[in-house]
Amino acid sequence: MPSFADHAASRRKFLQFLAGSPLCAAGALDAFAGEGLAPGSKLPDPLMWAPMRTDDLIKSPKEAINVFDFEPVCRKNVPPAHFGYMASGIDDEVTLRANREGFLKFQLRPRRLVDVSKVDMSTEILGVKYASPIVLAPVGGQRSFHDEGEVASARAAKVGNHLQILSTATSLGVEDVTAGRGQPIWYQLYATNKWEVAEAMVKRAEKAGCLAVAVTVDRSGGRNQETLFRLRPTDTRDCSGCHDRSSLQSSMRTRAMYQGIDLSGLTNTQASAMTWDFFKRLRDTTKMKIVIKGILAWEDAVLAADNGIDAIIVSNHGARSEDSGRSTIDALPEIVEAVNGRIPVIVDSGFRRGSDVVKALCIGANAVCIGRPYIWGLGAFGQSGVERVLELLRAETYAMMQQVGAPSIKQLVPAMVRRA
């Protein structure tokens, strides 16, 4: 039987472990790490029992209990500048936090005595059936996180039959990614200030078999990515070997989708002068479905439907384009109401749990895009990491659909969620 001294030593070790947790940074457990609570101090409720030390990180995707288990492994594997690019929000990162905290404003209403022994999570998005409503959002430069980049993500999406949206800033060409997915994908477009660049990309994407072009409209100006700027100086590598920053044109020529395009006159990869006239011109250029990504106000959602847009993505770019402080889940209800079923509504930014997905679907979203979680999986373990992230999200979504009494996506209705 362990002695009193053994128990005391184990207790001290455990308290020291708690004191080293990031949750204790505010000092609430400083005294507790000694031999007891200081007067007036309080333990976090609930306590976080997840590993906090690098030697406790998961060693394989199957060890992951939730998607958050992948983030510290990704942080360990990926160079600081690359990790900072992915993790960064804007300015004070108020919106970055709001995207997560926004889900607390909504509560699901479990229903009982419904046969949910089998749950059908399949859904149709712009005429194509997928096994789940979980979509891989466009994330640029995925070879920054794993050498197989977007192709690894595509192969993982194929395993679970998920829709994948490919970023304009992709490391690998749309043709290779489509081949990895084994089924047509969507292409996300940064239109740039030069129509000919956008036109060339759209035609290439269409030729590769893409079903839709999702035009990002929320990058109308600059952005102050403070987390990236703070982590970049800690990266000791010589970045000039991969990044030619001598000019915008030189920098873009290294990107797969810009190669072979005349970049003279290119001054901005975004399109701050974009208006609805751009979409009229785009409609005359492609037979692909046209989606607008970055809608946050109901007025713009109505205009999108009025202008013949095929679908919209309610998005604040994962809090990477502005710091308004408003989460997408908070904006979603007014947009769904305004659109009134005229066009599909997809949503992204901040989704980490199956309960998050189900809340959005109950409110009226047709699908949900995830970004950072699958990049954590990619940076941690490559394709198998992405597969496990998607598997966990599917499992959580399945279980939550059972809890609210919805055996199919169509049976997720507004009555199953309420604003807290």
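The table below gives the values:
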{"quantity": "Residue within the stretch 347-356 that is under 24 Å from Ala214 (Cα atoms), in a strand (DSSP E or B) and either touching a helix residue (DSSP H, G or I) at 6+ places or on another chain (Cβ under 6 Å) or open to solvent by 10 Å² or more (accessible area, probe 1.4 Å) (or both) present", "calculated": "yes"}
{"quantity": "Test for Asp330: is it out of contact with any strand residue (DSSP E or B) (no Cβ under 7 Å at 6 or more places or on another chain) and either over 27 Å from Ala415 (Cβ atoms) or not charged (D, E, K, R) (or both)", "calculated": "no"}
{"quantity": "Positions within the stretch 52-92 being over 16 Å from Ile375 (Cβ atoms), at pLDDT 90 or above and among the acidic types (Asp, Glu), in sequence order", "calculated": "Glu63"}
{"quantity": "Pairs with Cβ under 7 Å, 6+ apart, first in the stretch 250-266 and under 15 Å from Ala205 (Cα atoms), second at pLDDT below 90 and surrounded by 18 or more Cβ atoms within 10 Å (Cβ to Cβ)", "calculated": "Tyr258/Met252"}
{"quantity": "Pairs with Cβ under 7 Å, 6+ apart, first in the stretch 178-205 and of a type in the set (Gly, Ala, Ser), second open to solvent by less than 10 Å² (accessible area, probe 1.4 Å) and outside any loop (DSSP other than H, G, I, E, B)", "calculated": "Gly180/Ala154; Ala191/Ala198; Ala191/Val215; Ala198/Leu189; Ala205/Val174; Ala205/Tyr187; Ala205/Val213"}
{"quantity": "Residues being within 20 Å of Met252 (Cβ to Cβ), more than 17 Å from the chain's Cα centre (by Cα) and among the polar types (S, T, N, Q) - total across the stretch 146-196", "calculated": "3"}
{"quantity": "Hits in the stretch 158-176 - residues which are in a helix (DSSP H, G or I) and more than 26 Å from Met401 (Cβ to Cβ)", "calculated": "Val174, Glu175, Asp176"}
{"quantity": "Top-ranked residue of the stretch 362-391 - restricted to ones that are part of a helix (DSSP H, G or I), within 23 Å of Ser60 (Cβ to Cβ) and among the hydrophobic types (A, V, I, L, M, F, W, C), ranked as most open to solvent (accessible area, probe 1.4 Å)", "calculated": "Phe381"}
{"quantity": "Any pair with Cβ under 8 angstrom, 6 or more apart, that starts in the stretch 282-301 at a residue that is closer than 14 Å to Val345 by Cβ and free of Cβ contacts under 8 Å to residues at least 24 places away in the same chain and ends at one that is surrounded by fewer than 19 Cβ atoms within 10 Å (Cβ to Cβ) and basic (Lys, Arg)", "calculated": "none"}
{"quantity": "Single residue of Ser132, Ser153, Ser122 found to be within 27 Å of Arg388 (Cα to Cα), of a type in the set (S, T, N, Q) and surrounded by fewer than 19 Cβ atoms within 10 Å (Cβ to Cβ)", "calculated": "Ser122"}
{"quantity": "Pairs, first more than 16 Å from Pro344 (Cα to Cα) in the stretch 128-144, second part of a loop (DSSP other than H, G, I, E, B) and among the hydrophobic types (A, V, I, L, M, F, W, C), C-beta under 8 Å, six or more apart", "calculated": "Ala131/Met121; Leu136/Leu163; Gly140/Ala169; Gly141/Ala169; Gln142/Leu172; Arg143/Leu172; Ser144/Val78"}
{"quantity": "Check on Arg155, farther than 25 Å from Leu282 by Cβ and assigned to a helix (DSSP H, G or I)", "calculated": "yes"}
{"quantity": "Test: residue in the stretch 396-403 that is in contact with a helix residue (DSSP H, G or I) (Cβ under 9 Å, 6 or more places away or on another chain) and under 30 Å from Gly141 (Cβ atoms)", "calculated": "yes"}
{"quantity": "Single condition Pro138 does not satisfy, out of (1) within 16 Å of Ser315 (Cβ to Cβ); (2) open to solvent by 80 Å² or more (accessible area, probe 1.4 Å); (3) not aliphatic (A, V, I, L, M)", "calculated": "(2)"}
{"quantity": "Per-region count, the stretch 408-420, residues open to solvent by 30 Å² or more (accessible area, probe 1.4 Å) and closer than 26 Å to Leu126 by Cα", "calculated": "5"}
{"quantity": "Qualifying residue in the stretch 385-392 (condition: over 13 Å from the mean Cα position of the chain (by Cα) and within 15 Å of Val139 (Cβ to Cβ))", "calculated": "yes"}
{"quantity": "Hey, Asp330 assigned to a helix (DSSP H, G or I) and either over 16 Å from the mean Cα position of the chain (by Cα) or buried (at least 24 other Cβ atoms within 10 Å of the Cβ) (or both) or not", "calculated": "yes"}
{"quantity": "Any pair with Cβ under 6 angstrom, 6 or more apart, that starts in the stretch 340-353 at a residue that is touching a residue at least 40 places away in the same chain (Cβ under 8 Å) and ends at one that is acidic (Asp, Glu) and buried (at least 19 other Cβ atoms within 10 Å of the Cβ)", "calculated": "Arg353/Glu396"}
{"quantity": "Flag if Ser167 is crowded, with 20+ Cβ neighbours inside 10 Å and touching a residue at least 40 places away in the same chain (Cβ under 8 Å)", "calculated": "no"}
{"quantity": "Residue, nearest to Asp91 (Cα to Cα), within the stretch 196-240, restricted to residues that are among the hydrophobic types (A, V, I, L, M, F, W, C) and in contact with a Gly (Cβ under 7 Å, 6 or more places away or on another chain)", "calculated": "Leu228"}
{"quantity": "Contacts under 8 angstrom Cβ, first residue in the stretch 392-420 being farther than 21 Å from Ala157 by Cα and in a helix (DSSP H, G or I), partner open to solvent by 50 Å² or more (accessible area, probe 1.4 Å) and not hydrophobic (A, V, I, L, M, F, W, C), 6 or more apart", "calculated": "Gln403/Pro110; Ala415/Arg109; Met416/Arg109; Met416/Arg111"}
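The values are calculated or read from the model by the stated rules, or taken from the named source; none is laboratory data. Computed from a prediction, not measured in an experiment: that's the story for all the values here. Cβ coordinates were reconstructed from backbone atoms using ideal geometry, including for glycine residues, and neighbour counts include every protein chain displayed. Areas reflect the complete protein model, heavy atoms only, side chains present, ligands, DNA and RNA absent. Shrake-Rupley method; radii C 1.70, N 1.55, O 1.52, S 1.80 Å.
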